[in-house]
Amino acid sequence: MNIISQFHKFLEESFHSFLEKYFLESNFWYKSSDFNNYINFMTDLDSFNYSFMTNAIKLYFEYIDDIFFHTSYRKSFCKSKGFYKRTILTLFGEITFKRRYYFDKNNNEYFFFTDFFLNLPKRKYFDPFVCAEICNESASTSYSKAGKIVSQKIGNRINNIININRASARSIVLSFPINDENNVDNEIKRVEKLSIMLDEKFVGSQFNEGKDHMIKAAVVFEDTELVYKKKLKQDSMNRYRLVNPHTCASIENELLMDTLNYIYNNYDISYLKELDFMGDCAPWIKSFPKTDWFKFHEDINIKFGMDGFHFSQALENLTTTENQDVYDALYEYVLFNNKSDFTRLANEFLDLNQERKETIESKRDYILNNWNERQIYQNTPYMRCSMESHISHIFADLFTSRPKAYSKKGLKQLLKLRLLKINGKDIKKQYLNQYRKKEIIINESNELYRKQTEYIKNKELRYSLRIDNYVDFIY
């Protein structure tokens, strides 16, 4: 009996049994009317649906093994060592199926044909779709909560309790081979100006001699555009959004190369006329745009500006909220590029507030040392830096909103996942792509693979021997 006949028989028997149960138990011969008949049927329909799905998957898996068992190649070269059961957790619940263990005397190897054909990961309980869901959720929340979300998703389908614990979720995420192929768009863009915002975020560490990990981050975007919305107050500030933003981040001093690679791979660098860098003027940020790598051609103009948030913060720390008049005066001196009067007033304010000497001197010198960078930012109308809010949105919620510490390996992997999510990439699709990359290259010396492929394509199985058979079937 072929798979179509088996499936038709299975479908007919299963659904007939389900329908008959509700009709016969409804006491129809008494000509009674009971709304519970409808409620019970509709309530249990989902349970039947997912029970039916797991049985259908089990039927298909065992059919694969049965067909291979009856092939002439198997009869000639492969000896069955008996049945072994395997259980995997899918999005439809647990599936337990049996398959034969074979020994191929041609190349002296043991194998499960079902596992080989579907390319199911060896000795893994969670199937690729469950793992993809875990990785997708872990890009936005903790391992523990990601496990609970996916567990609930499966449990709701099968009306049962599933528990994917924190350790399992972490193991799945750490084993995900994330690559950078999705950082490249389909076509090269041609723009005259790019803006790059820079900042860092410190994250608690494990096994790092008590030193926090520093995430260096860059947001590359093409422009800003006004977001039109109803203002809550008359003095509400206009809101802007970034055009085509892309975030790069690293804890291993790879930010420069990541940023360069993104620009090289997505933009026509010969068409670029200007690069505008913005940040808080930390030493690494000020030196970032000075590298010769950003000198894509001799006519390109590179600017660096001190963003408004950190300038205002420094001025507020210098004067405090109790001295608004001093704040306004100092702000005006910077606005009109009056460095001498700024220095004079700041020193006079210091003389009157010796108890805050260290803070006032620190903030005064911070502004003076970055005076030119501040002038560039405030005199360039299209320079708009919102990096502080980006840092909070991208990293703070996941890494620092609750007291947590990370190993370098774990943080690096989660950071990659987070960047995929923020940059609009499909994490689940990328996870499954590792099972779908390419056809198996058949080695002529490997008689098992060669013969199996020949039979599968031309005679009995009529399926192509590809490593994505499981992914395609579940899809």
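The values are calculated or read from the model by the stated rules, or taken from the named source; none is laboratory data. The shown structure was predicted, so the numbers you read here are calculated from the model rather than taken from an experiment. Don't worry about glycine lacking a Cβ; one is built from the backbone with ideal geometry, like all the others, and counts go over all protein chains shown. The protein model used for the area step is the full one, side chains on, heavy atoms only, and it has no ligands, DNA or RNA in it. Shrake-Rupley method; radii C 1.70, N 1.55, O 1.52, S 1.80 Å.
The set of residues in the stretch 260-311 being charged (D, E, K, R) and either part of a strand (DSSP E or B) or surrounded by fewer than 20 Cβ atoms within 10 Å (Cβ to Cβ) (or both) consists of Asp268, Lys273, Glu274, Asp276, Lys286, Lys290, Asp292, Lys295, Glu298, Asp299, Lys303.
Quick one: would you say Asp351 is assigned to a helix (DSSP H, G or I) and open to solvent by 20 Å² or more (accessible area, probe 1.4 Å)? Break it down stepwise before answering.
Working: assigned to a helix (DSSP H, G or I): yes; open to solvent by 20 Å² or more (accessible area, probe 1.4 Å): yes.
Yes: the conditions hold for Asp351.
Specify the residue that is nearest to the chain's Cα centre (by Cα); the eligible residues are those in the stretch 68-106 that are of a type in the set (A, V, I, L, M) and either buried (at least 20 other Cβ atoms within 10 Å of the Cβ) or assigned to a strand (DSSP E or B) (or both).
Keep residues of the stretch 68-106 that are of a type in the set (A, V, I, L, M), which gives 88-89, 91, 95.
This time we only want the ones that are either buried (at least 20 other Cβ atoms within 10 Å of the Cβ) or assigned to a strand (DSSP E or B) (or both), so: 88-89, 95.
Values: Ile88: 24, Leu89: 22, Ile95: 28 Å.
Once the filter is applied, the top-ranked residue is Leu89.
Being under 30 Å from Leu419 (Cβ atoms), touching a residue at least 24 places away in the same chain (Cβ under 8 Å), in a helix (DSSP H, G or I) and polar (S, T, N, Q): is that true of Ser140 here? Here the answer is no, as Ser140 does not meet what is asked. Considering the stretch 355-400, there are no qualifying helices (runs of 4 or more DSSP H) wholly inside with 3 or more residues that are among the aromatic types (Phe, Trp, Tyr) and surrounded by 13 or more Cβ atoms within 10 Å (Cβ to Cβ). Looking at the stretch 401-419, which of the residues that are out of contact with any strand residue (DSSP E or B) (no Cβ under 9 Å at 6 or more places or on another chain) and farther than 20 Å from Ile134 by Cβ is least open to solvent (accessible area, probe 1.4 Å)? Among residues in the stretch 401-419 that are out of contact with any strand residue (DSSP E or B) (no Cβ under 9 Å at 6 or more places or on another chain) and farther than 20 Å from Ile134 by Cβ, the one least open to solvent (accessible area, probe 1.4 Å) is Ser401. In the set Asp426, Asp468, only one residue is at pLDDT below 90 and of a type in the set (Asp, Glu); that residue is Asp468.
For the stretch 335-348, name all the residues that are touching a residue at least 24 places away in the same chain (Cβ under 8 Å), open to solvent by 60 Å² or more (accessible area, probe 1.4 Å) and in a helix (DSSP H, G or I).
Residues of the stretch 335-348 that are touching a residue at least 24 places away in the same chain (Cβ under 8 Å), as a first pass: 335, 337, 339, 342-343, 346.
Those still in the list that are open to solvent by 60 Å² or more (accessible area, probe 1.4 Å) too: 335, 337, 339.
Across the stretch 335-348, the qualifying residues are Leu335, Lys339.
Against the numbered list (1) open to solvent by less than 10 Å² (accessible area, probe 1.4 Å); (2) in contact with a Ser or Thr (Cβ under 8 Å, 6 or more places away or on another chain), Ile422 comes up short only at (1). Pairing residues of the stretch 219-242 that are in a strand (DSSP E or B) and hydroxyl-bearing (Ser, Thr, Tyr) with residues that are modelled with pLDDT of 85 or more and surrounded by 10 or more Cβ atoms within 10 Å (Cβ to Cβ), at Cβ distances under 9 Å and at least 6 apart in sequence or on separate chains, gives Thr224/Ser195; Thr224/Leu242; Thr224/Val243; Thr224/Tyr382; Thr224/Arg384; Thr224/Ser386; Tyr240/Arg384; Tyr240/Ser386.
Might you let me know whether the stretch 194-215 holds any residue that is closer than 22 Å to Leu420 by Cα, of a type in the set (Asp, Glu), open to solvent by less than 80 Å² (accessible area, probe 1.4 Å) and modelled with pLDDT under 90? Within the stretch 194-215, none of the residues are closer than 22 Å to Leu420 by Cα, of a type in the set (Asp, Glu), open to solvent by less than 80 Å² (accessible area, probe 1.4 Å) and modelled with pLDDT under 90.
Among the residues of the stretch 47-66, are any open to solvent by less than 40 Å² (accessible area, probe 1.4 Å), at pLDDT 85 or above and outside any helix (DSSP H, G or I)? No - not one qualifying residue is present in the stretch 47-66.
Taken over the stretch 107-141, residues that are within 24 Å of the chain's Cα centre (by Cα) and at pLDDT 90 or above amount to 18.
Only one of the numbered conditions (1) in contact (Cβ under 8 Å) with a residue 24 or more places away in the chain; (2) under 30 Å from Val203 (Cα atoms) is not met by Lys290, and that is (1).
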